[in-house]
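Inspection log for the structure reproduced underneath, given as structure tokens.
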């Protein structure tokens, strides 16, 4: 029996197909199934993060000697630590995977299946330790799937189509967050919520897995295995590849700016704007932000592909986000907050799609795409840790919420400026 050819028409076992720069455009079906798989992974993450973990912590905290806030912080913090390691680790392992199913597909399949089983294990947690273990397993397995899904883009998509594909992946991410939250809310209980998210995660990757075979890496092209060489690969040589470092820093700064805006939004509405129902206000602002983000995330990527440039879009995104956050600092009114949420969504939507394309354009080698993207993805997760550490002293000692949002604006502008240091991408 012959191995099926990939969607591009190349034989799946040709080494050149796995390591060469892709030239043939991918079809809508491939993009749709990859986006569906990506959205399914985000359902598995955000159903728990938005709803289920907090509800579970509330139930388990009385017998643990911890407050529900402390228990939730410990569990999510442990999971975040696992995520920071797991994404580049599984990306590197997928880079070196050989076999009839290709480099990425085995990790997408096993990661999604493992994530679904881990969610079911988490649903049965009866104490803080099993809850933390379950969530760490969810992060471990779903990061394996996510690393493989994102690495499939530079493997298969030519440079001038990556903005569009990145836009669809970004849209799927947003819908996955909303869908996961909706499933967790509507399922009628913690166990049912976890089961619904697990089922969606497992089933959502199936159409992608049923497509023609992934690109295969020949045994001759895989480097000889050694632990020393494998671990040394995670230490990037930024002197040889400075563009990767500047791209990472740009992503980190703009994500940090966005995280600073969102972190204390509830407190801003309650303490600064004195809204009578701040929780409802957060919901409205989140919906407005999500709608404008969803409206621009695909369009920005498509336009970037047509023009053939990335950096001007990142610069504009940073400037637009800085303007939105500065408006929050300058005018503490509800209409200004709504307008700022809409403008912030426009800026971050364009940034999300174009930034993904830019990151794939600066990857140093085809052999290590998965590992390098995993390291770049740390710039998404690290701001969630850095934002609270930076925001608390700013709000307390350096100007309150006005100081916080001015700080966020400056950080966004810094990201917009530093993208100019990238030389290998227009």
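Table: residues versus (1) over 23 Å from the mean Cα position of the chain (by Cα); (2) without any contact (Cβ under 8 Å) to a residue 12 or more places away in the chain; (3) over 22 Å from residue 156 (Cβ atoms).
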site	(1), (2), (3)
218	yes, no, no
222	yes, no, no
229	yes, yes, yes
247	no, no, no
270	yes, yes, yes
277	yes, yes, yes
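Could you please find all residues in the range 1-35 being assigned to a loop (DSSP other than H, G, I, E, B) and modelled with pLDDT of 50 or more?
Applying the first criterion (assigned to a loop (DSSP other than H, G, I, E, B)) to the range 1-35 yields 1-14, 20-27.
20, 21, 22, 23, 24, 25, 26, 27, listed by residue number.
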Subject >> Among (1) more than 16 Å from the chain's Cα centre (by Cα); (2) closer than 18 Å to residue 202 by Cα; (3) surrounded by 17 or more Cβ atoms within 10 Å (Cβ to Cβ) - the single one residue 75 does not satisfy >> reply: (2)
Subject >> Sole exception among (1) over 15 Å from residue 139 (Cβ atoms); (2) in a helix (DSSP H, G or I); (3) out of contact with any helix residue (DSSP H, G or I) (no Cβ under 8 Å at 6 or more places or on another chain) for residue 77, by number >> reply: (1)
Subject >> In the range 193-216, the residues that are more than 22 Å from the chain's Cα centre (by Cα), over 11 Å from residue 119 (Cα atoms) and surrounded by 15 or more Cβ atoms within 10 Å (Cβ to Cβ) >> reply: 211, 213, 214, 215, 216
Original post:
Which residues, taken from the range 270-283, are at pLDDT 85 or above and assigned to a helix (DSSP H, G or I)?
Top reply: 272
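What tally of residues in the range 331-346 results from selecting those that are touching a residue at least 40 places away in the same chain (Cβ under 8 Å) and part of a helix (DSSP H, G or I)?
In the first step, residues of the range 331-346 are kept if they are touching a residue at least 40 places away in the same chain (Cβ under 8 Å); the result is 332-334, 337-338, 341-346.
Now restrict to residues that are part of a helix (DSSP H, G or I): 334, 337-338, 341-346.
Of the residues in the range 331-346, 9 are touching a residue at least 40 places away in the same chain (Cβ under 8 Å) and part of a helix (DSSP H, G or I).
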**OP:** Would you be able to say whether some residue in the range 230-253 is modelled with pLDDT under 90, surrounded by fewer than 15 Cβ atoms within 10 Å (Cβ to Cβ), touching a helix residue (DSSP H, G or I) at 6+ places or on another chain (Cβ under 9 Å) and outside any loop (DSSP other than H, G, I, E, B)?
**Re:** no
Original post:
Does at least one position in the range 392-405 carry a residue that is closer than 17 Å to residue 84 by Cβ, at pLDDT below 85 and outside the structural domain of residue 218 (by TED's automatic domain parsing)?
Top reply: no
Original post:
Which is in contact with a helix residue (DSSP H, G or I) (Cβ under 6 Å, 6 or more places away or on another chain) and assigned to a loop (DSSP other than H, G, I, E, B), of 373, 418, 363?
Top reply: 363
Subject >> Residue list for the range 299-319, restricted to those being assigned to a helix (DSSP H, G or I) and either surrounded by fewer than 22 Cβ atoms within 10 Å (Cβ to Cβ) or touching a strand residue (DSSP E or B) at 6+ places or on another chain (Cβ under 9 Å) (or both) >> reply: 299, 302, 303, 306, 307, 311, 312, 315, 316, 319
**OP:** Please tell me if residue 260 is modelled with pLDDT of 75 or more, outside any helix (DSSP H, G or I) and surrounded by 20 or more Cβ atoms within 10 Å (Cβ to Cβ).
**Re:** no
Original post:
Does residue 281 count as more than 25 Å from residue 162 (Cβ to Cβ) and buried (at least 17 other Cβ atoms within 10 Å of the Cβ)?
Top reply: yes
Subject >> Which numbered condition residue 122 fails, given (1) crowded, with 22+ Cβ neighbours inside 10 Å; (2) under 20 Å from residue 149 (Cα atoms); (3) in contact (Cβ under 8 Å) with a residue 60 or more places away in the chain; (4) touching a helix residue (DSSP H, G or I) at 6+ places or on another chain (Cβ under 6 Å) >> reply: (2)
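The values are calculated or read from the model by the stated rules, or taken from the named source; none is laboratory data. Since we're looking at a predicted model, the values are computed, not measured. In this analysis, Cβ positions are derived from the backbone assuming ideal geometry, glycine residues included, and neighbour counts consider all displayed protein chains.
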